[in-house]
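Notes follow the structure.
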Amino acid sequence: MSLTAGNSTPQKTSLSEEQLDRVLEHIDYPRSRHAADPLRRLHQLMLHHIARVPFENVGIHYNPTHQLSLDLDDLFDKIVVRSKGGYCVELNALFAAVLRGLGYTVLTVGGRVRAGTPNYTGWSHMCLIVTVDGAKYVADVGYGGDAAMRPMPLVSGAEFPVLAPRRGRLEYRSIDLHSDPSQRLWVYSTRDSPDDDPAVPWVEQYCFVELEYLRPDYNQINYYCSNHPDSFFMSHLLAARALVEADDDTPGREGGDVRLVGVLTYWNDEVRRRSEGSTERQVLERPSTEAERVAAFDKWFRIPLTEADRQSIFSTRLALDKSPA
């Protein structure tokens, strides 16, 4: 028996120069404002991207086809032309193309998600390993409010600030679900401790391996996440984006630099904000109708929805109203 690819059409892996410049303009970080240092530039690209392009699954449910494409031109159209967001395989796929267009070496890898729950998912996440001056860093613009939102040094035991008082940690180790404890993979964890109390536990967010995932691998992840009834993304609506402000304090800062000051999330029909220095999540809005929720997506997450998008929610189980107005 022979196995052949279902589609022999060459897959586009890079953006045109015009597309690249439009992405950079869209995230308000044009080349003219780029930091000279490549690691600082990577960090700033991530912050600008996460602040402008929300992590969301709105595009599954408010979508006449309820299908998501990983074709690079389709991602460009959705995120830049139509000003939407996406989830990990969409956002990190486009971001990988941006980084490669700017000269970075990028490895696309896959991960399992735990997010503080008892079990890990199957392979359902995408993140990037980026090489800068010979050192490797993890870049992830597709993990929502619990993301590191900065390049993570690919060094076991490395700790780093996220949104204070949250800290992040990367370890190369086994996980408790391994049947063979000699296995090793990378584990990203977070801890919320205002006093940096070592008694406060670390929360495992996701794990990943240094194995390059290819487009067919992500097609399978995308299909499961956006179609299977057991997928987390099929039974919930969520959105998240970073809040940033001009960085006037960091030594060596440059004109386009920003810093992380908060995170906005939509979860359980509430818009919430967590601000720097606090672990509390302030409720900003509780939409109770479809009109209110659509307005909230536009106001807080900058996700515009067409009339066709709005009507399509009624073919799902997630509509706030029983029928179209």
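R253: of a type outside the set (F, W, Y), open to solvent by 70 Å² or more (accessible area, probe 1.4 Å), closer than 29 Å to S32 by Cα and out of contact with any Phe, Trp or Tyr (no Cβ under 8 Å at 6 or more places or on another chain), yes or no? Criteria met by R253.
Among D73, D21, which is over 26 Å from E212 (Cβ atoms) and loosely packed, with under 15 Cβ neighbours inside 10 Å?
Only one candidate qualifies: D21.
Pick from segment 223-232 the residues that are in contact with a strand residue (DSSP E or B) (Cβ under 9 Å, 6 or more places away or on another chain) and in a helix (DSSP H, G or I): which of them is least open to solvent (accessible area, probe 1.4 Å)? Here the residue is C225. What do you reckon, is H125 open to solvent by 20 Å² or more (accessible area, probe 1.4 Å) and either at negative phi or in contact (Cβ under 8 Å) with a residue 60 or more places away in the chain (or both)? The answer is no for H125.
Could you list, in sequence order, the residues of segment 38-56 that are open to solvent by 10 Å² or more (accessible area, probe 1.4 Å) and not in a helix (DSSP H, G or I)? Scanning segment 38-56 gives a single hit, F55. Across segment 180-196, which residue is nearest to the chain's Cα centre (by Cα) among those that are polar (S, T, N, Q) and over 15 Å from V162 (Cβ atoms)? Among residues in segment 180-196 that are polar (S, T, N, Q) and over 15 Å from V162 (Cβ atoms), the one nearest to the chain's Cα centre (by Cα) is Q183. Count of segment 280-298 residues, restricted to those that are free of Cβ contacts under 8 Å to residues at least 12 places away in the same chain and either farther than 20 Å from N57 by Cβ or not acidic (D, E) (or both), is 3.
Just checking, does segment 91-101 include any residue being in a loop (DSSP other than H, G, I, E, B) and either among the hydrophobic types (A, V, I, L, M, F, W, C) or more than 20 Å from L15 (Cβ to Cβ) (or both)?
Filtering segment 91-101 for residues in a loop (DSSP other than H, G, I, E, B) gives none.
No: segment 91-101 contains no residue that is in a loop (DSSP other than H, G, I, E, B) and either among the hydrophobic types (A, V, I, L, M, F, W, C) or more than 20 Å from L15 (Cβ to Cβ) (or both).
The values are calculated or read from the model by the stated rules, or taken from the named source; none is laboratory data. This is a predicted model, so every value here is computed, not measured. Note: ideal-geometry Cβ built from the backbone for every residue, glycine included; neighbour counts use all protein chains shown. Heavy atoms of the whole protein, side chains included, go into the accessibility calculation; ligands, DNA and RNA do not. Shrake-Rupley method; radii C 1.70, N 1.55, O 1.52, S 1.80 Å.
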